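Reviewing the structure listed below.
The values are calculated or read from the model by the stated rules, or taken from the named source; none is laboratory data. Treat the numbers as computed from the prediction; the structure is a model and nothing was measured. Cβ coordinates were reconstructed from backbone atoms using ideal geometry, including for glycine residues, and neighbour counts include every protein chain displayed.
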């Protein structure tokens, strides 16, 4: 198993987590260095994890085979194109770019160089989502409901709640509806604290008639990450925070039939075993295998572009003035 020479650009909240995991997974990764515009922060983190604090992003890209880009979304295109020019594979945090046009541009830049471009949709690697996808391969979906709520913290200033939070569930719903395309997307929303959309309810309709309701808030005093799926045979609840997965199925059976205390049970509830996995670690290991074994990444540039385009449609609809 060879080590992949890798670097991290951006050492904020997500970037530091990438640095931590890459420094731990030494069999797969050689963490060559990190770069951050805040040189003092970069030097402090580099010292903590015994790596190099590069003076520029270009100098780091000259030394690595792959890079994680975890900077503000407005810088993703510039740094992503720089990675492609240096012939460096990249994992870029979500959203891939600030709009679908730039995302498509990035996707083709990496493809033209024969490089791997992975978008950091880490929820794809949530073990609950992985187990849910297995179950849904044997179910006929009627509709999907997704809820993602957080209290306001003011950390994200360059994106609305659609690009910040809702995009996770847009991507998840599209992946669960593999093979089917969104034919309609609408949204309703409110600006509450940030000057951008802070609460949005979106609705997607797929080409097979399945509908998905997706709600996202960053002004709700509770943290919620839930998926609920209605199928022809079951109702499934997936809690992405507690890592629990519950399936309610129609049983239509009589318990102790013929006995005085017999009763009819209309449904049964199954608690599905969910393995303990750190999603970000799984994402980085998947990125490693895609490069080393030359296999597809989990969320490529085109999938990320699709999610951004849907979010743009929802956000545009949500910003329209009310009628009447």
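Checked across the range 175-197, the condition of being in a helix (DSSP H, G or I) and within 17 Å of residue 307 (Cα to Cα) holds for at least one residue.
Quick one: is residue 83 within 16 Å of residue 174 (Cβ to Cβ), in contact with a helix residue (DSSP H, G or I) (Cβ under 9 Å, 6 or more places away or on another chain) and buried (at least 23 other Cβ atoms within 10 Å of the Cβ)? Answer is no for this residue. Within the range 33-58, the set of residues being touching a residue at least 12 places away in the same chain (Cβ under 8 Å) and not in a loop (DSSP other than H, G, I, E, B) comprises 33, 34, 35, 39, 41, 42, 45, 46, 52, 53, 57, 58. Of everything in the range 11-38 that is under 20 Å from residue 72 (Cα atoms) and in contact with a strand residue (DSSP E or B) (Cβ under 7 Å, 6 or more places away or on another chain), the residue that is surrounded by the fewest Cβ atoms within 10 Å (Cβ to Cβ) is 14. Checked against (1) touching a helix residue (DSSP H, G or I) at 6+ places or on another chain (Cβ under 8 Å); (2) under 18 Å from residue 229 (Cα atoms); (3) surrounded by fewer than 24 Cβ atoms within 10 Å (Cβ to Cβ), residue 143 passes all but condition (1). Counting just the residues of the range 292-305 that are part of a helix (DSSP H, G or I) and surrounded by fewer than 19 Cβ atoms within 10 Å (Cβ to Cβ), which one comes out modelled with the lowest pLDDT? Ranking the candidates gives 302 first. Residue 30 meets all of the listed conditions (1) assigned to a strand (DSSP E or B); (2) modelled with pLDDT under 95 but one, namely (2). All of (1) touching a helix residue (DSSP H, G or I) at 6+ places or on another chain (Cβ under 7 Å); (2) crowded, with 23+ Cβ neighbours inside 10 Å hold for residue 77 with one exception: (2). Going through (1) at pLDDT 95 or above; (2) assigned to a loop (DSSP other than H, G, I, E, B); (3) surrounded by 12 or more Cβ atoms within 10 Å (Cβ to Cβ) one by one, residue 209 falls short only on (3). When you check residue 129 against the structure, is it touching a helix residue (DSSP H, G or I) at 6+ places or on another chain (Cβ under 7 Å) and not assigned by TED's automatic domain parsing to the domain that holds residue 212, yes or no? Here the answer is no, as residue 129 does not meet what is asked.
With respect to residue 198, determine if the residue is surrounded by 16 or more Cβ atoms within 10 Å (Cβ to Cβ) and over 30 Å from residue 271 (Cβ atoms). In short, yes. Taken as a whole, the condition of being at pLDDT 95 or above and more than 18 Å from the chain's Cα centre (by Cα) does not apply to residue 171. Scanning the range 306-324 for residues that are surrounded by fewer than 15 Cβ atoms within 10 Å (Cβ to Cβ) and under 22 Å from the mean Cα position of the chain (by Cα) turns up just one, 316.
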